[in-house]
1. Separation between the ASP448 and GLU510 pseudo-spin-labels, each 7 Å from Cα along Cα→Cβ, expressed in nm?
2. Starting from 0.36 nm per residue, how many nanometres of slack lie between LEU297 and GLU350 once their C-alpha separation is accounted for?
3. ASP464 to LEU135: extension gain in nm, 0.36 nm per residue of separation minus the Cα-Cα distance?
4. So which trypsin sites (Lys or Arg not before Pro) in segment 433-491 end up in coil per DSSP with only 15 or fewer other C-beta atoms within 10 Å?
5. Mind ordering 315-322, 86-93 by average Cβ neighbours within 10 Å, highest first?
6. Rounded, prolate or oblate for segment 423-519? Axes are the square roots of the Cα gyration tensor eigenvalues, ordered a ≥ b ≥ c, and the cut-off for rounded is a/c under 1.5.
7. Figure the gain on full extension for CYS421 and ASN404 (residue separation times 0.36 nm, minus the Cα-Cα span) and round it to one decimal in nm.
8. Which value results when the Cα radius of gyration for segment 293-435 is divided by 2.2 N^0.38 Å?
Amino acid sequence: MLPVANFHLRDLYHTTVEFFTLRTSPYSASASDDGDDDHEHIPLTPRDLSPVPVQKECADIRVKLHAERTHCPRACSCRSIGASAAACTLYTMRRDHDTANRTLLAWRSAANCSSATLKDTREMLKSREVEVETLRKERDKLIVERHSKDRRPSLSLDRRRSLDVVRRHRSNSSQSMLSQQVRLSTDWSDQHEEDTPPQPYLHRRPCDIPADNVSTVSEEERAQARSMEVFLTKTDLWSGAQVIQAVQDLNSEILQFAASAVELCTFAKQRLTQPKISQVQNEVSSRLGSSLTRTLLARDHSQDPMLVQIALQGCISYCISRALSSFCIGYQSRANITLTQLYTHMFQSEPQPTSSRWRALAHKHIHGLHPELGDYAVNEMTETIFRWSFDLFLVCGSTSPQSNPSSREAFRTRFGSQVKCISKSACRIAQIIKEGIMSTNFEVIGADSGRMYDAQEMVDAFEDYETPKGTVLCTTELGLRCSTHKISAEPSQEEIIERRLLLPPKVILESAIDMLDQR
């Protein structure tokens, strides 16, 4: 039995003794009246217990019992709390361990998949290398065979000449054998000095004649083929998706500048008569078309300048598309026209790798001869964008910025870095499509003003709000088109030029004006 239980029983015993001692006095049972005097009298309680020592002992026991009762629950509770905390910690550790095992298994499976994929890729690469090596050997063999076929008529002609000489000398039987041999050797040497290198023997086998020449020619053909392989490579430094993304980024920069510039401008309800307005109007009409220019003149832009923003996007898009259509941005205009015509003719008549490599080399070496041409092109395009923007604001009745130099200079300072960023992006795209693309010919395009809408070649900017119809007012976002000169496998078929529209330009139609009036 536990010590605590014994302690409690002792306490119960001493408490009972104390109870009888304090509440009753000691007595003994007397003998009965019928003569049982010989029996001793048996006391019911001990006689030798005194109240004072018992009380003192009971008090000590109470103190001990109280101390035991006060300390024992705390210890038990502490032990129970410690055990529960240990169990909780153990459960958490087991759960973390299981999670780590599951993660490790997932990583192992992913690593196994990656290893298998890497192994398959290496095997495929080895097979491709073997195929490339086989194709190279076949190419060298075909080159040698073609060269041997080309030289075969000349060799047969030499053999015919030698046979004629032999017959002629054999027919002359009046001469001696010595003179015949001398004359034959003389004729043979004279003939081969004119046609072929001298040969030591008359009766040399024809199959042994071109052996050294064929080996030498094959080496020359291999070297020429390697140089042509480098020249006619179709490897592109940029993919089509990267070029499309570059054009989309350029369109975003144009949109941001147009929105910020128009938001900063203020427009008057009534146009002020200015002496140069007619000349500026003609220039804006040549860029945006007469229809949109008349609409800009007749419309009040003081409350809603949305049409001004659209026209500004059209001006900048037209400026960039015209610059990218030239052979080299910033180069002399006459030379650009000549180079563009030359490349167009070469693209239509030569294989794609030939025209692409010529284009890349010409564009690269033009910039090599004129290192400052890149900065000049950026500055010139930036100045053109600002000048066209001021002309448009003047036609729309802008009061800020005004036509005075101080107001325009403030506008240049405010948007100079943004417009220069647009010019740099355009020149970078020009360098990419001129020097970095060999497999095709990329063109940054826009839709001409006044052209009928064609859903296959353009996209209406407001097609979500209305049915596209009418003619094109301007282009707000540039597009991208690629042209490839393909040679047919059969000689009877004509060569074709395949054109694909990778990114259609976004346009504004005449029907959009009515929708803007309803706003």
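Bear in mind these aren't lab numbers, they're just calculated from the coordinates by the rules spelled out. On a predicted model such as this, the values are computed, not experimentally measured, just so you know. Ideal geometry is used to build each Cβ from the backbone, glycine not excepted, and the neighbour counts take in all protein chains shown.
1. 1.7 nm
2. Working: separation 53, 0.36 × 53 = 19.08 nm, distance 4.90 nm.
Extra length available between LEU297 and GLU350 comes to 14.2 nm.
3. Details: separation 329, 0.36 × 329 = 118.44 nm, distance 5.31 nm.
Contour length minus Cα-Cα distance gives 113.1 nm.
4. Details: sites: LYS434, ARG451, LYS469, ARG481, LYS486; in loops: ARG451, LYS469.
Answer by residue number: ARG451, LYS469.
5. Numbers: 315-322: 22.4, 86-93: 10.0.
Put in order of decreasing packing, that is 315-322, 86-93.
6. Details: a/c = 3.86, a/b = 1.77, b/c = 2.17.
Oblate shape, in that a/c is at least 1.5 and b/c is the bigger or equal ratio.
7. Details: separation 17, 0.36 × 17 = 6.12 nm, distance 2.54 nm.
Extra length available between CYS421 and ASN404 comes to 3.6 nm.
8. Numbers: Rg = 18.6 Å, N = 143, 2.2 N^0.38 = 14.5 Å.
Compactness ratio reported: 1.28.
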